[in-house]
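The values are calculated or read from the model by the stated rules, or taken from the named source; none is laboratory data. Values in this document were obtained by computation on a predicted structure and should not be read as measured data. Neighbour counts are summed over all protein chains in view; Cβ atoms, including those assigned to glycine, are modelled from backbone coordinates with ideal geometry.
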Amino acid sequence: MSKKLLYDLNGTKNGAFRRWLDNFKGEPRLAWYPSAGEDFRDLLYLHPRFSEMNPASKSEPQSPDIFLHTDYYPRSSSSFLDSRTIHQDNRTTISVESIEELPRCDLDLDSQIIDFPQGSNTTGRVLFLEINILSNVLGNFSFPVVYAFVENAAFCAKKILPNEGRLSHIVNVRFGGGCGGGGKSTGIWLLNILHKVNCEVFVSDSHYNRQLGDERIYRLYPSLAGNEDTSQLEQIRVIKSEGWSGHGDVKWNILKRA
């Protein structure tokens, strides 16, 4: 369940994240953005006001309550760790309201999957962030975000699946390059876990060609292997990438159920 996974990441901490979890009634709807880098556009694109302004072709599942970002992050500095302002332009300001350090999560870094297997002094850290967004289109709002600085496939195989993580949304945009730290996988393996985690909405730039890093992931983590089936996806919205993806338009897909 999503709470089981989130409590696992919180560990024995008794800070803001524990209070958020304890006070949330039921199971929170959790969105996962692997290979997120310093990108927080998912908070805007998965906001209910965005859905209202850009209607889907059929009924769309409810928006997330909390976001999970992962990226092993080989850089020595970052906008959201070194400055409260993550992004600012004439339309949108994204800023950090608060940061809580959670227990470390040190997972394998494999040179056949990622470009910089030495990581950085950030790799292994886990943070609970309160992110505020001021948008001249969507208004002023905040979301909680858990950011784990880990390699995505290792995190899925060793944390998400063993904790029976439930992910209402998964974002597969510009995976492994540009927004993230760089790698040798396109994230095509995400297609194999969608039903395992009860995913309802898969946001993707459809960059599905298998690379050597994906082959390595399947050898290391058999639980992520599968037939990479795209027929399980039903497209309900398309937007121009506007710099978000280097692979073309970004598509919202709902999962077909057997």
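Does residue 94 fit the bill of being in contact (Cβ under 8 Å) with a residue 60 or more places away in the chain, crowded, with 19+ Cβ neighbours inside 10 Å and in a strand (DSSP E or B)?
So residue 94 fails the test.
Name the single residue that is surrounded by the fewest Cβ atoms within 10 Å (Cβ to Cβ) among those in the stretch 9-31 being touching a residue at least 24 places away in the same chain (Cβ under 8 Å), part of a helix (DSSP H, G or I) and more than 17 Å from the chain's Cα centre (by Cα).
Taking the candidates together, the pick is 16.
Looking only at the stretch 199-232, count every residue that is without any contact (Cβ under 8 Å) to a residue 40 or more places away in the chain and either under 28 Å from residue 112 (Cβ atoms) or part of a strand (DSSP E or B) (or both) and tell me the total.
Residues flagged as without any contact (Cβ under 8 Å) to a residue 40 or more places away in the chain and either under 28 Å from residue 112 (Cβ atoms) or part of a strand (DSSP E or B) (or both) within the stretch 199-232 amount to 14.
From the set of residues in the stretch 32-51 that are of a type in the set (Asp, Glu) and modelled with pLDDT under 95, which is surrounded by the most Cβ atoms within 10 Å (Cβ to Cβ)?
Residue satisfying both the conditions and the ranking: 39.
Going through 116, 80 one at a time, which residue ends up being over 24 Å from residue 13 (Cβ atoms) and aromatic (Phe, Trp, Tyr)?
Answer to the check: 116.
Here are some residues: 75, 91. Which one is under 30 Å from residue 215 (Cβ atoms) and of a type in the set (D, E, K, R)?
75
Just name the residue that is farthest from residue 230 (Cα to Cα) out of those in the stretch 176-196 that are among the small types (Gly, Ala, Ser) and modelled with pLDDT under 60.
181
Would you point out the residue of the stretch 133-160, among those that are of a type in the set (Gly, Ala, Ser) and part of a strand (DSSP E or B), that is modelled with the lowest pLDDT?
139
Can you name every residue in the stretch 97-126 that is under 17 Å from the mean Cα position of the chain (by Cα), at negative phi and free of Cβ contacts under 8 Å to residues at least 40 places away in the same chain?
125, the sole residue that qualifies.
Could you grab the pairs with beta carbons closer than 8 Å, sequence gap of 6+ or different chains, first residue in the stretch 132-155 and over 27 Å from residue 3 (Cβ atoms), second one assigned to a loop (DSSP other than H, G, I, E, B) and at pLDDT 95 or above?
138/47
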